Structures are given as structure tokens and as C-alpha cells.
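Following: one structure in C-alpha cells, then a few remarks.
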Amino acid sequence: INMTIPNIRFKKLLLADMDSTIIKEETFDELSKKSKNHKKIVEITRLGMEGKISFKDSFNKRVKLLGKLNNEIIEDIKFNLSFNSGAEKLINTMNNQGAFCYLVSSGLRVFTNYVCKKINFFSHFGNKIVENSYFDGEIIDEEQKLNILNSLCKKHSLSPLEVISVGDGANDLKMLSGSGIGVSFNGKAILRKKLKFQI
């Protein structure tokens, strides 16, 4: 059987988490600073990122504690996001090599859209917010991130071996483990324990 083995040295698809990976902030925590439930939300974020509670539970609890989201607050947070050192260079380098770069986040689509355009990702995935601050569609958790990886491989006719991904939390583990190279960036303990590549 004549099988073509993809060149795994040069990756053709980059998938990157957003919060605490491409940007310095956890956007849910930034939103919570305007809420009376700030401390509770930050703690739930921590438990979810460490894998001590499921991401869906973490997401739903934080949404409930946030309540109605103010558009002015969202816009203020969006324009004050800060990028981790090397993030923009990473995306530009991959773009220049002809790779496709996707932002794959469990945060809000209003933020992924901004970050995507700001540093030239090809496209992005995030949780949708609709009128009256309700969330729409299936929550992007660890399973969905893996599904996105697989669907993008199919879309671009690539093997998972041709994918490099980066993230920091437990909800990134399946995406990182399913990639040719999965990189833990300032990763939580569960990533440091299970992944070979660490920054």
C-alpha cells in the first residue's frame, strides 16, 4: 500500500486558545469585576481551568452569576485586552508559512472576533451572545474543541499530525492531545502532567 506520510515538521494548521494564552486576561473574570459576584466567578474559573469541575458546569454557573451583560462594559474590556508576548509573532509566522490559524475559545464570540481581527487569525470560534445577554448554541467545552480540531482537519484535508495547538486549561487538553504537537502555555497542573511540550 502506498501511503503518503505528512511532513510533521512543518504544521499547516494552528489552533490557539484565547484566554490566558493569546491574551493575558481571563475575559469572564474581567466581566465579573463589574459584578457583585466577582470573587465567586474567579474561583469558579479557577476550578474549571484546573479540571476540578466540568467546563459546562463552570460556564453555566458563571453566566448565572454575571447576570445581564452591559454592552458598554463588554466594549471597554474588549479594547483593553493585552496580548501575551510572542502571540502576534506566532500568528504572523504561521501565516507567512501558509498555515491556517484559528482561535478556538470557550470565551465569548464578541471577544474572539476582536482578537481574531487584531492579530490576523484566519477565523475564530467562541460562545455566542444574543439579545438580552443569553448564550446561544452549544457551549464550546473540551469536547467541542476536539470536534473543531477534527472538522478543520477535514475541511483543509489535513492529518491531525499536521496540527499544532496551544492552550492553558483543562478544557484544552483533548484538543492539545489530539494535535501533532500540543503545547501547554503556562498550563494548569493537569496539562503540565499530561503534555510533553511546555512553555
Taking the dipole of the chain about the Cα centre (Lys, Arg +1; Asp, Glu -1; charges at Cβ), the one of 59, 163, 80 that reaches farthest to the positive side is 163
Shape category assigned to the range 21-95 from the gyration tensor of Cα positions, a/c cut at 1.5: oblate
So between residue 198 and residue 50, what do we pick up on full extension, going 0.36 nm a residue minus the alpha carbon distance? 51.7 nm
Search the structure for amide H atoms under 5 Å from the amide H of residue 100, placed 1.01 Å from N in the peptide plane, and list their residues when 5 or more places away or on another chain. 13, 14
Hey, any idea what % of the range 86-199's accessible area is carbon plus sulfur with a 1.4 Å probe? 51
Could you derive backbone 3J(HN,Hα) for the range 54-59 from the dihedral phi with the Karplus parameters 6.51, -1.76 and 1.60 (θ = phi - 60°), listing whole Hz in sequence and x where the residue is Gly or Pro? 5, 5, 4, 4, 4, 4
Need one number: nm distance between label points at residue 89 and residue 72, each 7 Å from Cα along Cα→Cβ, rounded to one decimal. 4.0
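So if each residue of separation counts as 0.36 nm, and I subtract the Cα-Cα distance between residue 34 and residue 155, what length gain in nm does that give?
39.6 nm
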Hey, in the GNM for the chain with a 10 angstrom Cα cutoff, which one of 69, 13, 146 fluctuates hardest? 69
For residue 108, distant residues with modelled amide H under 5 Å away: 127
Among 27, 112, 93, which one shows the biggest mean-square fluctuation in a GNM of the chain, springs joining Cα atoms closer than 10 Å? 93
On a full-extension model of 0.36 nm per residue, what is the gain between residue 123 and residue 138, subtracting their alpha-carbon distance, rounded to one decimal in nm? 3.6 nm
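About the Cα centre, and with charges only on the beta carbon of Lys, Arg (+1) and Asp, Glu (-1), how big is the dipole of the range 71-199? Nearest 20 debye, please.
560
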Output the relative contact order of the range 69-199, whole-number percent, from Cα pairs under 8 angstrom with separation of 6+ residues. 14
From the phi of every residue in the range 60-75, what ³J(HN,Hα) in whole Hz does the Karplus formula 6.51 cos²θ - 1.76 cosθ + 1.60 yield, where θ is phi - 60° and glycine or proline is x? 5, 5, 5, 4, 5, 6, 5, x, 5, 8, 8, 4, 5, 5, 4, 5
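The values are calculated or read from the model by the stated rules, or taken from the named source; none is laboratory data. Being a predicted model, the structure only gives us computed values, none of them experimental. Neighbour counts run over all protein chains shown; Cβ positions are idealised from the backbone, glycine included. Side chains are part of the model used for accessible areas, which takes the heavy atoms of the whole protein and leaves out ligands, DNA and RNA. Shrake-Rupley method; radii C 1.70, N 1.55, O 1.52, S 1.80 Å.
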